Amino acid sequence: MSDTPHSLLEQLHREPEDSLAWSRMFDQEHDRVVYQELLRLGQEHFHEEQWRIFERVAVREESPDAVALAHGTTRNAVYLIKSRVLHWLRTTGEGLIER
């Protein structure tokens, strides 16, 4: 069977277990693209220094104390930046990704 759009639709209708797999793959790809776009938008929204701090603590899971020291700020400031960025990401992405 060729992989034309029509034949793929036929496969999905005939094989329910495969349909579920396709659905999961689509959902995962959708979420990945949305996450990437949210991160890109966040990087544009926040000052470069704030974004670097967020990335180091939230994405790379570096120690807040080490990040604060490296950026000449306090641990509290690092936590505030992380919290603000996460809040912005959640608010901006609300409804785009199912939990």
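A few comments on the model shown:
- Scalar couplings 3J(HN,Hα) for the range 48-55, obtained by applying the Karplus form with A = 6.51, B = -1.76, C = 1.60 to θ = phi - 60°, are 3, 4, 5, 5, 4, 4, 4, 4 Hz; x denotes Gly and Pro.
- With a Förster radius of 25 Å applied to the beta-carbon distance between residue 44 and residue 91, the computed FRET efficiency rounds to 0.95.
- Per-bin percent of Cα-Cα distances, the range 33-86 [10 Å]: 27, 56, 16, 1
- Distance between the pseudo-spin-label points of residue 74 and residue 36 (7 Å out from Cα toward the beta carbon): 3.9 nm.
- Ranked 88, 22, criterion: other C-beta atoms within 10 Å, fewest first: 22, 88
- The amide H of residue 62, built 1.01 Å from its N in the peptide plane, has 57 as neighbours under 5 Å, considering only residues 5 or more places off or on other chains.
- For residue 73, distant residues with modelled amide H under 5 Å away: none
- Residue exposure sequence - 60, 90 - by fewest surrounding Cβ within 10 Å: 60, 90
Here, each number is a calculation from the coordinates, and none is a lab measurement. In this text the structure is predicted, and so the values were computed from the model without any measurement. We place every Cβ from the backbone using ideal geometry, glycine too, and count neighbours over all the protein chains shown.
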